[in-house]
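Structure, as structure tokens:
The values are calculated or read from the model by the stated rules, or taken from the named source; none is laboratory data. Keep in mind that what you see is a predicted model, and the values were worked out from it rather than measured. Positions of Cβ are generated from backbone atoms using ideal geometry, with glycine treated the same way; all protein chains shown enter the neighbour counts.
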């Protein structure tokens, strides 16, 4: 296990440096390292690490979402709130609906199976979007119109929406009597409960930090530990009520920032250092989930479905941004930022197959292909367009 971690760290750092030298996002290199070290190519990563891979990836995602919360200011959120809500579901609906309609023309699958495929593929990846947006926020790019903050918030909402819908559709297929309308009602409830719990935790931590003034390193560890417990609450409460831990994690950072900027900035700097390791772990382990042989099975048909879905998503994104006053180039940047897929597809792409969905192998193949195609494309698009379009 120790040797595997050493390889992940060293090769992850090297690939990050190499890709940055050629003006490409470092995360592409890390994903490739994960693919080649993973069980489907050279099988170098210790099985113990792969067994707990989902936990490691969740912790890394928590670190970056906490940083997102510490970078989200109230006045900016007030300006972009309605647009973020629209961006949280409209693009996913467009993409999911279009894939639902077109997939049966390419594969021998039912409309319900096609819908499952559509909404698994439709989820954008906060793991890719959020770090890029934080980089722009830290360099003060796009701050005037709040574009990076908009994409921080909306990508998390989009994630929750796509997961809830795809889970509901799988439930319907499995004959569990899932009510799609009730599942839709769960979305605002889960987000609201997550934010409420996160806000309560954030306020409690602020009071503790203000009273006892621990070192910034300890504050950072306490915040991460509290956020991890919030994900445990989500899992424990799931049979009774839906809670969105991702929304709550962002709320923790947001509340601490609102209550005390000095405390928030101290913790954020520590999280920035932790992210150096967490980023490598996240993207290498996401890459390790990718079976390129499975992706090959989706073939050209899978690629065409993904491409048409992205066009539909971009139309949905454009419609969501109509009343924002953004320029065409800024809207193009938002469209590019909504391309990458990774975390959700890696996490639940195989679920339909494991539950006996007839076309589960096709769904998995297209989900894996979506990661391989959109993660680099979206990351490169954000990097190039963002540098040229976002103003200081």
Out of 74, 82, sole residue that is in contact with a helix residue (DSSP H, G or I) (Cβ under 9 Å, 6 or more places away or on another chain), at pLDDT below 95 and surrounded by fewer than 21 Cβ atoms within 10 Å (Cβ to Cβ) | 74
Looking only at the stretch 304-317, which residues are buried (at least 17 other Cβ atoms within 10 Å of the Cβ) and either modelled with pLDDT under 90 or under 17 Å from residue 117 (Cα atoms) (or both)?
-> 305, 306, 308, 309, 310, 312, 313
When you look at residue 267, is it part of a helix (DSSP H, G or I) and more than 26 Å from residue 146 (Cβ to Cβ), yes or no?
-> no
Quick one: would you say residue 194 is within 27 Å of residue 352 (Cα to Cα) and surrounded by 13 or more Cβ atoms within 10 Å (Cβ to Cβ)?
-> yes
Does residue 234 meet the test of being closer than 30 Å to residue 182 by Cβ and in a helix (DSSP H, G or I)?
-> yes
Could we say that residue 373 is within 18 Å of residue 129 (Cα to Cα), buried (at least 22 other Cβ atoms within 10 Å of the Cβ), within 18 Å of the chain's Cα centre (by Cα) and touching a residue at least 40 places away in the same chain (Cβ under 8 Å) here?
-> no
Quick one: count up the residues across the stretch 265-280 that are over 18 Å from the mean Cα position of the chain (by Cα), surrounded by 22 or more Cβ atoms within 10 Å (Cβ to Cβ) and farther than 14 Å from residue 134 by Cα.
-> 1
Residue ID - surrounded by the fewest Cβ atoms within 10 Å (Cβ to Cβ), chosen from residues in the stretch 351-368 that are over 17 Å from the mean Cα position of the chain (by Cα) and under 23 Å from residue 313 (Cβ atoms) = 351
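Table: residues versus (1) within 21 Å of residue 149 (Cβ to Cβ); (2) buried (at least 23 other Cβ atoms within 10 Å of the Cβ).
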| residue | (1), (2) |
| --- | --- |
| 222 | no, no |
| 226 | no, no |
| 240 | no, no |
| 256 | yes, yes |
| 282 | no, yes |
